[in-house]
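The values are calculated or read from the model by the stated rules, or taken from the named source; none is laboratory data. Since this is a predicted model, take the numbers as computed values, not measurements. Glycine also receives a Cβ, built like all others from the backbone with ideal geometry; neighbour counts cover every protein chain displayed. These accessible areas exclude ligands, DNA and RNA; they are computed on the full protein's heavy atoms, side chains included. Shrake-Rupley method; radii C 1.70, N 1.55, O 1.52, S 1.80 Å.
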Amino acid sequence: MTQAIYLNRLGLVCALGAGVDEVRAALFAEAPSGVAPLAGLLPGRTLHLGAVTAPLADLAGLPLAHRSRNNALLLTALAQIRPAVDAAIARHGAARVGVVLGTSTSGIGESERAVAALQRDGALDADFHIGQQEMGSPALMLAEYLGLSGPAIVLSTACSSSAKALASAARLLRAGLCDAVIAGGADSLCAFTVAGFSALESVSAERCNPMSANRHGINIGEGAALFLLGTEPGPVRLAGWGESSDAHHISAPAPDGRGALAAMRAALEQAGVAPAAIDYLNLHGTATPQNDAMESLAVRELFGEALPASSTKPLTGHTLGAAGALEAALCWLALTDNPQGRLPPHWWDGAADPALPALNLVQPGQALGRPLDYALSNSFAFGGSNAALVLERVRDEAAGRADEAAGAVPEDGTTTAPRSTVVSRAATARRAAADYPIAELVPHAGAMSLLDRAIEGDGEHFVAEVDIRPGGLFCGDDGVGAWVGIEYMAQAVAAWAGWQARQRGEAPKVGFLLGSRRYACSVPVFRSGQVLRVAVRQEFRADNGLGQFDCRIEIAGETVATAALTVFEPDDALQFLGGEG
């Protein structure tokens, strides 16, 4: 089964404060905080900005090239999880711990001050080094500071950077390149970004007002969020991630929301859950006219209007390259130590824009009346770089089943929907692959359905079993010829796709085997009485339905056949075949 990835520890600092407890208290407070008026970044203007006011880590021990506010934010977040990080290094070794971060500013603020000194005094500041503004500085600094020799990577894709950093960290773990990864992001306030967004007429002078008819743009913010990722079970699992690139425009999102939809759907598919399983959505919610219009359209299409959703940017500001990790951190807070299921509120003026599809925006004090199970966080960036993350609360499955069976409605009146409705939606969405008869998962009928039962599945992986019986299809005197292994594999891929469809509440679609590569089988026949275990793993899947799967067949725990299959699942099979769809 695909290796589970856990977000084991969290350190963060932002306009709401520093540390899990302080930020949690401010996030669920009865009045908004964080973003506040600040003068000085742009000449003659006072703007609402998400500035960090907490004390930051001392940089005196760092090389000059790494002394930047960005890195001070990172070290402040790191200090909160340092014991767990040190334990991971001691356990796995310095070469097996990686660093993956997102940023968009790095040390540009230090460069701004150096250029100002050059213009004023004719010389750069003595405490300036060009390395401070390099994009790679945050990861190099953390690696050197901790004595690590594993991968050290910085992603800079504007506002999706640190969401993509978490996905990249998970891939390092699944690929076996690391045993633990410190991942997240940081960005710091500077005139460069505020002036740049002002030139796009995207900056609001007052607290931003996402989804409102009166919205005027974003508040820029700063902060850092760092997770310690690993495969050892922790409080929250990174259940799925989705990335897309619609490349609609250098700064404007695709107005139909197709890029956002693709990212959210991919994250749900990898997590193996239906939209109905998500309890809370953290919107990208920038309060710009185009982003809010696009995102509300995409969210409404995928989730309808019932899903509680909010933008937390009126509290933290838009922290750009750090936004994906910071907002995943706020979801982490909502998923942990939150028995009543308090939801991050959507602070705005309440003046709904009639041009936008209506969403269920979270009111201050709103709660589910039970712990959240799944949260989804959106991050969308310039150039159509989109990312979505699905986070899952790790729970006692036995207790969870008992809780679902009870189905009691809380007496405190805090639920946003009857508990029986919430439970049934989530329970249906989490229905295991083994719960389905194989006939419900594959489009094959009668004797052409070669699989006997589904065993397990997730967003990338599926296992089915085949009983080799005398008189069965393709079964001769000696058994079933090894060449039929390709068909067993193809039907296991079809069953995986059918299970994914069932999780979304849809019927399985017809797909096509386009080809197989490297089919190798160590036995000439599959003999009567044997039980074949057919396992398939998705290697990639494009938006157009084209995909590739690594497949194997095992008998009594021994792999006897392997292949790579290329498949195609069109939206309309009849149309693809030239008929009338």
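Filter the stretch 42-55 for residues that are open to solvent by less than 50 Å² (accessible area, probe 1.4 Å) and either in a loop (DSSP other than H, G, I, E, B) or not aliphatic (A, V, I, L, M) (or both) and give the result.
Scanning the stretch 42-55 gives L42, H48, G50, A51, V52, A54.
Within the group A287, A266, A276, A247, which residue is at positive phi and open to solvent by 10 Å² or more (accessible area, probe 1.4 Å)?
On the way: A287 fails: open to solvent by 10 Å² or more (accessible area, probe 1.4 Å); A266 fails: at positive phi; A276 fails: at positive phi.
Sole residue among the options that is at positive phi and open to solvent by 10 Å² or more (accessible area, probe 1.4 Å): A247.
Inspect the stretch 132-148 for any residue being modelled with pLDDT under 90 and open to solvent by less than 10 Å² (accessible area, probe 1.4 Å) and give the result as yes or no.
Within the stretch 132-148 (the criterion being modelled with pLDDT under 90 and open to solvent by less than 10 Å² (accessible area, probe 1.4 Å)), the answer is yes, since at least one residue qualifies.
Residues checked against (1) more than 15 Å from A95 (Cβ to Cβ); (2) free of Cβ contacts under 8 Å to residues at least 60 places away in the same chain:
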residue: A126; (1), (2): yes, yes
residue: H129; (1), (2): yes, no
residue: M135; (1), (2): yes, yes
residue: E144; (1), (2): no, no
residue: V154; (1), (2): yes, yes
residue: A158; (1), (2): yes, no
residue: S162; (1), (2): yes, no
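Looking at I153, I182, I218, which one is at pLDDT below 95 and either at positive phi or hydrophobic (A, V, I, L, M, F, W, C) (or both)?
Numbers: I153 fails: at pLDDT below 95; I182 fails: at pLDDT below 95.
Within the list I153, I182, I218, the selection yields I218.
Quick test of your reading of the structure: T157 fulfils all but one of (1) open to solvent by 60 Å² or more (accessible area, probe 1.4 Å); (2) under 31 Å from the mean Cα position of the chain (by Cα). Name the failing condition by number.
Answer for T157: the failing condition is (1).
For the list (1) within 22 Å of G11 (Cβ to Cβ); (2) open to solvent by 60 Å² or more (accessible area, probe 1.4 Å), I need the number of the one condition that V115 fails.
(1)
Pick from the stretch 250-263 the residues that are open to solvent by less than 70 Å² (accessible area, probe 1.4 Å) and out of contact with any helix residue (DSSP H, G or I) (no Cβ under 7 Å at 6 or more places or on another chain): which of them is nearest to A387 (Cα to Cα)?
This residue is A263.
Just to check your reading of the model, which residue among A60, A90, A84 is more than 24 Å from V194 (Cα to Cα), assigned to a loop (DSSP other than H, G, I, E, B) and hydrophobic (A, V, I, L, M, F, W, C)?
Of the residues listed, the single one that is more than 24 Å from V194 (Cα to Cα), assigned to a loop (DSSP other than H, G, I, E, B) and hydrophobic (A, V, I, L, M, F, W, C) is A60.
Confirm whether L361 is open to solvent by 10 Å² or more (accessible area, probe 1.4 Å), over 26 Å from V194 (Cβ atoms) and touching a Ser or Thr at 6+ places or on another chain (Cβ under 7 Å).
Considered against the rule, which asks whether it is open to solvent by 10 Å² or more (accessible area, probe 1.4 Å), over 26 Å from V194 (Cβ atoms) and touching a Ser or Thr at 6+ places or on another chain (Cβ under 7 Å), L361 comes out as yes.
Could you tell me whether the stretch 53-72 includes any residue that is among the β-branched types (V, I, T) and free of Cβ contacts under 8 Å to residues at least 60 places away in the same chain?
Yes - at least one qualifying residue is present in the stretch 53-72.
Just for the stretch 448-480: of the residues that are assigned to a strand (DSSP E or B) and among the β-branched types (V, I, T), which one is farthest from I5 (Cα to Cα)?
In this case the residue turns out to be V480.
Looking only at residues that are touching a Leu at 6+ places or on another chain (Cβ under 9 Å) and at positive phi in the stretch 18-41, which one is surrounded by the fewest Cβ atoms within 10 Å (Cβ to Cβ)?
G19
Anything in the stretch 23-34 that is within 25 Å of the chain's Cα centre (by Cα) and in contact (Cβ under 8 Å) with a residue 24 or more places away in the chain? List them, or say none.
Listed by number, the residues that qualify are V23, R24, A26, L27, F28, G34.
What single numbered condition from (1) closer than 29 Å to V23 by Cα; (2) open to solvent by 70 Å² or more (accessible area, probe 1.4 Å); (3) among the hydrophobic types (A, V, I, L, M, F, W, C) fails to hold for A90?
(1)
If we keep just the residues of the stretch 472-488 that are open to solvent by 60 Å² or more (accessible area, probe 1.4 Å) and either touching a helix residue (DSSP H, G or I) at 6+ places or on another chain (Cβ under 6 Å) or closer than 17 Å to A433 by Cβ (or both), which is modelled with the highest pLDDT?
F474
State all residues of the stretch 264-293 that are over 26 Å from L27 (Cα atoms) and not polar (S, T, N, Q); if no residue qualifies, say none.
If the condition is that a residue be over 26 Å from L27 (Cα atoms) and not polar (S, T, N, Q), then R265, A266, E269, A271, G272, V273, A274 are the ones that fit.
For C551, only one of the following conditions fails: (1) crowded, with 17+ Cβ neighbours inside 10 Å; (2) touching a Phe, Trp or Tyr at 6+ places or on another chain (Cβ under 8 Å); (3) part of a strand (DSSP E or B). What is its number?
(2)
From the list Q491, Q500, which residue is under 18 Å from V560 (Cα atoms), buried (at least 22 other Cβ atoms within 10 Å of the Cβ) and of a type outside the set (A, V, I, L, M)?
So the residue among Q491, Q500 that is under 18 Å from V560 (Cα atoms), buried (at least 22 other Cβ atoms within 10 Å of the Cβ) and of a type outside the set (A, V, I, L, M) is Q491.
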